[in-house]
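Report on the following structure.
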Amino acid sequence: MSPVDTATKAVHKATGEFPVSSVPFPTSRPLACRLRMRATGHAVLERASSQALVERKEGVERLHGMTEHKGGTARVPVYVMLPLDTVAGNGAGLNRGRALNASLMALRSAGVEGVMVDVWWGIVEKDGPLKYNWEAYAQLLEMVKKNGLKLQMVMSFHQCGGNVGDSCSIPLPPWVHEEMSRDQDLVYTDRSGRRNPEYISLGCDMIPVLKGRTPIQVYSDYMRSFRERFTDYLGDVIVEIQVGMGPCGELRYPSYPESNGTWKFPGIGEFQCYDKYMKASLQASAIAVGHKEWGNSGPHDSGNYNQFPEDTGFFRREGTWNTDYGKFFLEWYSSKLLEHGDRILASAEEIFRGTNTKLSGKVAGIHWHYKTRSHPAELTAGYYNTRHRDGYLPIAQVLAKRGAVLNFTCMEMKDGQQPGYANCSPELLVKQVKQAAKGAGAELAGENALERYDESAYSQVLATSRSDAGDGLSAFTYLRMNKNLFDGENWRQFVAFVKSMNEGGRRIMLPRSDSSQSDLYVGFITSKSQKPKVTEMAATL
């Protein structure tokens, strides 16, 4: 995920995960929906998406991928991320179920293909090793299915809390934390000895440190249980499994943690290779190349989280990063990350083979300091990308090898909206990643990194999604469904965006009122016999 910056004027932290006064609740007429804008800014839901019902009756299915419309224009399906806390922390059910169902109806009426949800390890396997509770997700699947939508499900092996956009706290399973308390080296560690509990260190991937199982075995057992429980939905309602491979579900090291003010944009971050398992691997690699001294520690001159590259000996223009030692260390550090990703994806490929379900992996859009020679923020995250080396082609090749989609963030960002002192270039970064995906033969999908509702952001996504060179997007997942999305003007902009994506990226503007009888929807469902009780509705959220 990419951090906030003041130039974008984007919302960083979620101000609310669901619409409150603007969420529609089905009452007497649940099958109807047409937006009728009121002076109050709310609307009345009167007619449900009959088109969705017709499509289901006719057996029409639209799977994740680029489909050709008449005239040869490539359509890019849009998905929407559900709130992080869609499933209750105790796994007992869904939070705000009525509001969720009504919101799914709204999304369907707007032409959205489906939704994405985190399948939290910390919820499902909370009660103990191999004790899985999938019931809340079963409820969600049925709700999504009834609304005629598809589902992207994220195998979230990380904790929620402490990163950009995290609005709730979902830690790793308690029994995992017990093991971490016994062996603190199970988690990533920086040069100062600061431990990060949001994801298990890849250094112990193949070591039985979790009640007799390796982390890779634990992740595999989890995915296998998921497949067994939801086999009837795979390839039908569930069209994509995104495999979590690091913090925020992204294939990277936790090099820029926001928790407790450790890191702030646009700091360079820090290397995360100081737990005993990573140090042992570094030492072995140094000995193998005949430089035992290189394995004593990570770079001593790489600075701290919030420094700039020119303030350090390692990352400055002619710094240590470009020496024999620097190249050795960066190659080792990045290759460990690639091996970690390949291990998990190989397991997922085997488990979900034959289900007609896509696999995907998420890569972070680290755009700050991109214009420098060393690209320090990318290096500390594990992406060996510099002025002289393409760090994204190897990542794309790992994903392509396993038939996985490369899901990339910051698709909505423009260079001109970033602060000059941060040396950002999200546009050049996206261009490079698109080229890498094409070169590796990997399918590319996208996300926005920050909560945005403005036309500028949507226009940038539309421009990025189009391509005559074969490197356009196969799908786009919008961050995120909450009460702000359903506000009148925000919703109008979003529906126009979805329609444009469905029309192959051709920019379509909708009127500011509903004079065109469009299938928009914001607000309450009401009837003559029953009026919504605002306080009761708000209390359920």
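The values are calculated or read from the model by the stated rules, or taken from the named source; none is laboratory data. All of these numbers come straight from a predicted model, not from anything done at the bench. No Cβ is skipped: glycine too gets one built from the backbone with ideal geometry, and neighbour counts run over all protein chains shown. Areas reflect the complete protein model, heavy atoms only, side chains present, ligands, DNA and RNA absent. Shrake-Rupley method; radii C 1.70, N 1.55, O 1.52, S 1.80 Å.
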**Fill in**
Counting only protein heavy atoms and rolling a 1.4 Å probe, one gets per residue an accessible area for the stretch 165-250 in Å² of 35 Å²
**Asked** With Rg and the Kirkwood Rh both taken from Cα atoms, where does Rg over Rh land for the stretch 169-326?
**Response** 1.04
**Request:** Tell me the label-point distance for the pair Tyr325, Asp454, using the 7 Å Cα-to-Cβ offset, in nm and rounded to one decimal.
**Result:** 4.5 nm
**Message:** Test of understanding: extend the Cα→C-beta vector of Gln184 to 7 Å, then name every residue of the stretch 197-219 with backbone N under 15 Å from that spot.
**Reply:** 197-198
**Most to least accessible of His158, His177 (protein chains only, probe 1.4 Å)** = His177, His158
**Asked** In nm, to one decimal, how far is the modelled label at Arg224 from the one at Lys292, with both set 7 Å along Cα→Cβ?
**Response** 4.2 nm
**Request:** Please report, as a whole percent, how much of the solvent-accessible surface of the stretch 276-335 comes from carbon and sulfur atoms (probe radius 1.4 Å).
**Result:** 49 percent
**Message:** For a quick check: with amide H placed at 1.01 Å from N, whose amide H comes under 5 Å from Leu94's, ignoring anything fewer than 5 positions away on the same chain?
**Reply:** Ala88
**Request:** Could you compute the FRET efficiency for Asp232 and Asn260, with r as their C-beta to C-beta distance and R0 at 35 Å, rounded to 0.05?
**Result:** 0.20
**Fill in**
Per the rule of 0.36 nm per residue minus the C-alpha distance, extending Ser335 to Ala92 adds in nm 83.5 nm
**Cβ-placed point charges (K, R +1; D, E -1), dipole of the stretch 107-261 about Cα centre in debye, nearest 20** = 80 debye
**Prompt:** Using the heavy atoms of the protein chains alone and a 1.4 angstrom probe, what is the accessible area of the stretch 389-471 per residue in square angstrom?
**Reply:** 34 Å²
**Message:** Please give me, ordered by residue number, the trypsin sites (Lys or Arg not before Pro) of the stretch 112-192 that lie in loop per DSSP and have at most 10 other Cβ atoms within 10 Å.
**Reply:** none
**Message:** Applying a 10 Å radius around every beta-carbon, put 340-346, 284-290 in order of their mean neighbour count, most first.
**Reply:** 340-346, 284-290
**Asked** Using a simple spin-label model with points 7 Å from Cα along the Cα→Cβ vector, what separation in nm is obtained for Arg194 and Leu428?
**Response** 2.8 nm
**Request:** Would you tally the net charge around Pro309, using a Cβ to Cβ cut-off of less than 9 Å, leaving Pro309 out, and scoring K and R as +1, D and E as -1?
**Result:** +1
**Asked** Residue farthest toward the positive end of the dipole of the stretch 282-431, with Cβ of Lys/Arg at +1 and Asp/Glu at -1: which of Gln283, Gly313, Leu393?
**Response** Leu393
